[in-house]
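Working notes, structure below.
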Amino acid sequence: MWRPTVSPRTTPDGYTLMAAASATIVTNPSLYQKLGFDPVKDFAPITQAVHTPNLLAVPADLPAKSVAELVAYARAQPGKVAFGSAGVGTSQHLAGELFQQMTGTRMVHVPYKGSSQMLTDLLSGQIDLAFDNVPLLLPQVKTGQLAMLATATPKRAVFDPEVPAVAEFLPGFEAVAWHGFFVPAGTPKPIVEKLSTEIRAFMQQPETVQKMAELGAAAVAVDSEPFAAYIAAETARWKKVIEAANIKLE
């Protein structure tokens with residue numbers, strides 16, 4: 001588990017920032033019994049900077065060519081269809097659990113020690129589906145080895161508007177990874193606002209947007225207050241998923 005190197009006791013003067021992923025802030029508090037820090041009490045959000053869409057992909061020869069067909073396929077074989085992830089508690093794992101819970105299916109979770117191992121078995125048909133990010137899966141989709149059924153974003157992804165979103169079949173489905181910037185709690189509001197303004201301006205530059213797109217990500221520029229509200233909503237949403245799946249990590 002990654003732990004922040006910025007201590008909550010760091011002087012809240014705006015000179016020390018932390019870049020953190022969604023797992024650190026949103027899902028880890030529900031996964032770990034002893035986290036060692038409180039994301040809400042110890043840190044103040046500045047801005048959400050980047051989000052990375054996850055894709056739902058299956059082997060090209062799987063007899064399910066849409067989300068609806070995949071759901072029917074899984075329902076017809078309870079406990080036999082397998083989905084892979086980069087490990088227990090990862091965003092890929094939680095996306096699969098959310099998919100099961102929203103569709104009423106019962107699948108087998110196969111955790112790997114990273115996405116590359118998972119991809120190998122997905123390509124060979126050892127597992128039936130996986131959620132993972134664009135840079136990992138898209139090259140195999142383009143070569144025809146994998147079929148991309150949908151994106152896990154609320155709406156269709158910009159990189160391929162022809163591909164539907166899972167939410168078109170399962171309203172409310174969303175499973176994206178994001179990164180944002182934080183400062184120690186207690187940092188004066190004017191400093192937080194100044195940092196947010198500067199970082200958002202950088203993320204909106206055409207060069208930044210293009211570079212993020214090349215990496216399979218989307219540059220975003222969410223101000224501190226709506227970012228805090230988003231974090232609260234996401235924390236509550238994923239807590240329900242984690243508790244329903246009974247996922248616990250040491």
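The values are calculated or read from the model by the stated rules, or taken from the named source; none is laboratory data. Just so you know, these numbers come straight off a predicted model, no measurement behind them. Cβ placement follows ideal geometry from the backbone for every residue including glycine, while neighbour counts extend to all protein chains displayed.
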Point to revise | First in the range 99-111 and farther than 15 Å from ALA57 by Cα, second anywhere and among the hydroxyl-bearing types (Ser, Thr, Tyr) and part of a strand (DSSP E or B), Cβ under 6 Å, 6 or more apart | key: PRO111/SER85
Check your understanding: Which fully enclosed strands (runs of 3 or more DSSP E) of the range 10-67 have 3 or more residues being more than 30 Å from LEU122 (Cα to Cα) and in contact with a Phe, Trp or Tyr (Cβ under 9 Å, 6 or more places away or on another chain)?
Key -> 43-52
Review point. Tell me, which residue of the range 68-105 that is in a loop (DSSP other than H, G, I, E, B) and of a type in the set (Ser, Thr, Tyr) is nearest to LEU136 (Cα to Cα)?
Key: THR90
Review point. Which one of these does ALA175 not meet: (1) closer than 25 Å to PHE37 by Cα; (2) not in a loop (DSSP other than H, G, I, E, B)?
Key: (2)
Practice item. Residue by residue through the range 143-159, note down the ones that are surrounded by 13 or more Cβ atoms within 10 Å (Cβ to Cβ), assigned to a loop (DSSP other than H, G, I, E, B) and either in contact with a Ser or Thr (Cβ under 8 Å, 6 or more places away or on another chain) or basic (Lys, Arg) (or both). Key: ARG156, ALA157
Practice item. Among the numbered conditions (1) modelled with pLDDT of 95 or more; (2) outside any helix (DSSP H, G or I), tell me where VAL220 comes up short. Key: (1)
Check your understanding: Looking at this structure, is ALA229 free of Cβ contacts under 8 Å to residues at least 12 places away in the same chain and either out of contact with any Pro (no Cβ under 9 Å at 6 or more places or on another chain) or surrounded by 14 or more Cβ atoms within 10 Å (Cβ to Cβ) (or both)?
Key -> yes
Revision key, fill the gap. In the range 223-250, anything among the aliphatic types (A, V, I, L, M) and assigned to a helix (DSSP H, G or I) is listed as ALA228, ALA229, ILE231, ALA232, ALA233, ALA236, VAL241, ILE242, ALA244, ALA245
